1. Taking only pairs six or more apart or across chains, which ones have beta-carbon atoms under 6 Å, a first residue in region 251-267 that is in contact (Cβ under 8 Å) with a residue 12 or more places away in the chain, and a second residue that is surrounded by 14 or more Cβ atoms within 10 Å (Cβ to Cβ) and of a type in the set (A, V, I, L, M, F, W, C)?
2. Within region 244-255, identify whether any single residue is in contact with a Pro (Cβ under 7 Å, 6 or more places away or on another chain), in a loop (DSSP other than H, G, I, E, B) and modelled with pLDDT of 95 or more, and answer yes or no.
3. Among the residues that make up region 171-183, is at least one of them in contact with a Cys (Cβ under 9 Å, 6 or more places away or on another chain), touching a residue at least 40 places away in the same chain (Cβ under 8 Å) and either assigned by TED's automatic domain parsing to the domain that holds ASN67 or not hydrophobic (A, V, I, L, M, F, W, C) (or both)?
4. Could we say that ARG168 is surrounded by fewer than 18 Cβ atoms within 10 Å (Cβ to Cβ), modelled with pLDDT under 95 and assigned by TED's automatic domain parsing to the domain that holds PHE85 here?
5. For region 3-18, which positions are assigned to a strand (DSSP E or B) and within 15 Å of PRO56 (Cα to Cα)?
6. Could you please find all residues in region 104-148 being within 18 Å of PHE39 (Cβ to Cβ), of a type in the set (D, E, K, R) and part of a loop (DSSP other than H, G, I, E, B)?
7. Given the criteria crowded, with 18+ Cβ neighbours inside 10 Å, aliphatic (A, V, I, L, M) and in a loop (DSSP other than H, G, I, E, B), does LEU241 qualify?
8. Do we find that ASP145 is charged (D, E, K, R), crowded, with 18+ Cβ neighbours inside 10 Å and closer than 24 Å to LEU241 by Cα in this structure?
Amino acid sequence: MTQTANIACIKWGTLFGPEYVNRLYSGVRRHLKRPVRFFCMTEDSAGFHPDIEVLPLPVEPFLDEMNAALAVANRQGAMRKVSLFRPGLIPDLDGPILGFDLDVVITGGLEPLWSHEAGTVAMRADWVEARRGRATGHGSVFRFDPAVHGFLYQDLAKDAGREVEIARGSEQRYTSTKAQERGVFSYLPPDMVVSFKHDCLNLPPMNYLKAAQLPANARVVCFHGHPKMPEAVEGYSGSWLRYCKATPWLQHHWIDESVRDLGAEFG
């Protein structure tokens, strides 16, 4: 029997609307050859497609301590994703979770990411940290098993202030370092999880002359920083370095295919 793929994301605050969740759900289910359970942890599920399973965004007992430490690190509001790591969060969960940030677009088959090195916490190497010789994973795409990797929640819950200070307020540094210390970390293939600004967009002056290109083996495109997806679809002029022309392939994968899949109301 084919194992169901458990997919999760978190939406809190007002930065991202429900269309980001719906389009991520559409992209995932179009690019996995197995049944999908799609979870979103949030305090506001208005506008979600009815097949999305909603997880209430908890008020963790260590939230105040964590937020105080994050304020010192000038990272107020970060690390809410750790609530997804809590053992028993989904009582009937079977198997690992493949998680995504909302500022990503699915562009290709996800089976290799779903099945990548079972038993490990899997993330892509962070683009900037790798250039500095650091082993930090990037948090836009992450695969873990709450039944196996409960330490990702438990260690922070024990001493949130200390853990935030060690990680310098970075959830992705916390997650990847903890897994590396226990010998259960692996890197997702860098040609499958790509950055729009580092791997798709040309440097000046070519970004003014040529539209961003989708790498041949890309499965997930991450839009960390700017431009974000709506900016890149229309064309972005907010920075000379990250200037980009309109991006038709992004319009296709993020919007057009989602509308075709879910209908205009949710796509």
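The values are calculated or read from the model by the stated rules, or taken from the named source; none is laboratory data. Keep in mind it's a predicted model, so treat the numbers as computed, not measured. Backbone-built Cβ (ideal geometry, glycine too); neighbour counts: all protein chains shown.
1. The qualifying pairs are GLN251/VAL233; HIS253/VAL105; TRP254/VAL105; TRP254/MET229; GLY267/VAL259.
2. Within region 244-255, not a single residue is in contact with a Pro (Cβ under 7 Å, 6 or more places away or on another chain), in a loop (DSSP other than H, G, I, E, B) and modelled with pLDDT of 95 or more.
3. No, every residue in region 171-183 fails to be in contact with a Cys (Cβ under 9 Å, 6 or more places away or on another chain), touching a residue at least 40 places away in the same chain (Cβ under 8 Å) and either assigned by TED's automatic domain parsing to the domain that holds ASN67 or not hydrophobic (A, V, I, L, M, F, W, C) (or both).
4. yes
5. Across region 3-18, the qualifying residues are ALA8, CYS9, ILE10, LYS11.
6. Residue satisfying the conditions is ASP145 alone.
7. no
8. Criteria not met by ASP145.
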